[in-house]
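Notes follow the structure.
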Amino acid sequence: MNTILESLHSRKSVRVFTDREISPKEKQQILTAAESLGIGSCYIGDIMEHYEKHRELLNLPPYVFPAIMVVFGYPTQQQADRQKPKRAPLDFIVQENRYHRADETTLKACLNTDTGTLSFEEWIQRFCKRKYHSDFSNEMSRSIEEALKNFI
Ligand SMILES: Cc1cc2nc3c(=O)[nH]c(=O)nc-3n(C[C@H](O)[C@H](O)[C@H](O)COP(=O)(O)O)c2cc1C
């Protein structure tokens with residue numbers, strides 16, 4: 001953990017940690033620690049795209065797949081002041097012991113936070129198009145499929 005904070009302070013550009021070195025709980029602690037120092041962060045799931053290129057850039061062995069990258073930086077005033085989007089209730093997000101599928105009414109109530117002038121149907125269609133039926137999403141699926149070939 002100290003090494004990680006040191007590397008944040010010394011502004012090294014890229015550090016690669018594996019799950020052997022750093023647990024999911026520690027990952028969250030790093031983000032919280034960074035926040036307390038005024039350093040913002042962002043998870044980058046896009047690291048799963050372009051597997052071949054990232055494997056070469058990061059010198060990854062065949063059984064290592066980058067699931068998450070985290071970037072850090074000092075937020076601009078505009079970013080620091082931005083109103084954070086409303087979150088869905090915790091009991092909707094957190095699953096304990098067993099996964100519980102929300103029914104349609106609950107799902108709508110939890111997601112229907114800021115659809116602006118759009119109806120829920122229009123908003124969710126656009127969300128789906130942006131997140132799941134997009135070039136980046138197709139590339140992510142292709143990339144993961146390619147990486148999985150190492151395991152079969
Ligand atoms: C698992 C995960 C992966 C993410 N991947 C990306 C990404 O690849 N690119 C990106 O710009 N933001 C990424 N984000 C950040 C989200 O887009 C979003 O900005 C962040 O969760 C903060 O949410 P907010 O804008 O609602 O405050 C990711 C977030 C999570 C939790």
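Considering I47, I39, I68, I152, which residue is of a type in the set (A, V, I, L, M, F, W, C), within 23 Å of E26 (Cβ to Cβ) and without any contact (Cβ under 8 Å) to a residue 24 or more places away in the chain? So that I can check it myself, show each step before the final result.
Values: I39 fails: without any contact (Cβ under 8 Å) to a residue 24 or more places away in the chain; I68 fails: without any contact (Cβ under 8 Å) to a residue 24 or more places away in the chain; I152 fails: within 23 Å of E26 (Cβ to Cβ).
Selected residue: I47, the only one of I47, I39, I68, I152 that is of a type in the set (A, V, I, L, M, F, W, C), within 23 Å of E26 (Cβ to Cβ) and without any contact (Cβ under 8 Å) to a residue 24 or more places away in the chain.
Residue by residue, here is whether (1) within 28 Å of I44 (Cβ to Cβ); (2) modelled with pLDDT under 90; (3) within 17 Å of the chain's Cα centre (by Cα) holds:
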site	(1), (2), (3)
L90	yes, yes, no
R98	no, no, no
T106	no, yes, no
L111	yes, yes, no
F120	no, yes, no
S137	yes, no, yes
S141	yes, no, yes
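Of all the numbered requirements in (1) surrounded by 10 or more Cβ atoms within 10 Å (Cβ to Cβ); (2) closer than 25 Å to A147 by Cα, N59 misses one, and that requirement is (1). Of everything in region 83-131 that is of a type in the set (K, R) and assigned to a loop (DSSP other than H, G, I, E, B), the residue that is nearest to the ligand (Cβ to nearest atom) is K84.
Residue count for region 35-50, restricted to those that are assigned to a helix (DSSP H, G or I) and within 14 Å of the ligand (Cβ to nearest atom): 5.
Selection of region 127-152 for residues being surrounded by 11 or more Cβ atoms within 10 Å (Cβ to Cβ), charged (D, E, K, R) and closer than 10 Å to Y51 by Cα yields E139, R142, E146. When L58 is tested against the conditions (1) in contact (Cβ under 8 Å) with a residue 24 or more places away in the chain; (2) within 14 Å of the ligand (Cβ to nearest atom), the lone failure is (2).
For region 107-126, residues that are surrounded by 13 or more Cβ atoms within 10 Å (Cβ to Cβ), free of Cβ contacts under 8 Å to residues at least 12 places away in the same chain and not aliphatic (A, V, I, L, M) total 4.
The values are calculated or read from the model by the stated rules, or taken from the named source; none is laboratory data. If you're wondering where the values come from, they're calculated on a predicted model, not measured in any experiment. In this analysis, Cβ positions are derived from the backbone assuming ideal geometry, glycine residues included, and neighbour counts consider all displayed protein chains.
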